[in-house]
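The values are calculated or read from the model by the stated rules, or taken from the named source; none is laboratory data. Computed from a prediction, not measured in an experiment: that's the story for all the values here. No Cβ is skipped: glycine too gets one built from the backbone with ideal geometry, and neighbour counts run over all protein chains shown. These accessible areas exclude ligands, DNA and RNA; they are computed on the full protein's heavy atoms, side chains included. Shrake-Rupley method; radii C 1.70, N 1.55, O 1.52, S 1.80 Å.
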Amino acid sequence: MLRRFSFIALFALLIAGCGLQTQDKLNADDLHFASFYADYLARSGVTAKGDTPPIGDLTSAGLDTLFVRHKLDQRTFDARLQAYSRNPELWRKVLQEVRRNLASQKQ
């Protein structure tokens, strides 16, 4: 009986540990959103500290073009924003990915 309980407890800890590890990584939807958002920021004239701001005037048509280029629609975009508003830690990770994307665009 004690052996069975120990096995069940160990199995539960392993499953919980695996679940925590998967939360550390962004899924494909998060990476897709980060790519779109980095592109949006770059085209709207956002720069890193100390950089001279480029002239950026993203129009409504330009935003529509970004949605098409990234194969994203308004409904999906809004759903991702809602998910991030409920999970600030995930949003922080997405923003870190956005920063990496912006840095790679700059090179």
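Numbers below:
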item	result
Gln23, sole failed condition from (1) modelled with pLDDT of 85 or more; (2) open to solvent by 100 Å² or more (accessible area, probe 1.4 Å); (3) within 13 Å of the chain's Cα centre (by Cα)	(1)
The stretch 80-99, residues that are open to solvent by less than 50 Å² (accessible area, probe 1.4 Å) and either within 24 Å of Asp64 (Cβ to Cβ) or basic (Lys, Arg) (or both)	Arg80, Ala83, Tyr84, Lys93, Val94, Glu97, Val98
Whichever residue in the stretch 50-79 is open to solvent by 90 Å² or more (accessible area, probe 1.4 Å) and β-branched (Val, Ile, Thr) and, among such residues, is modelled with the highest pLDDT	Val68
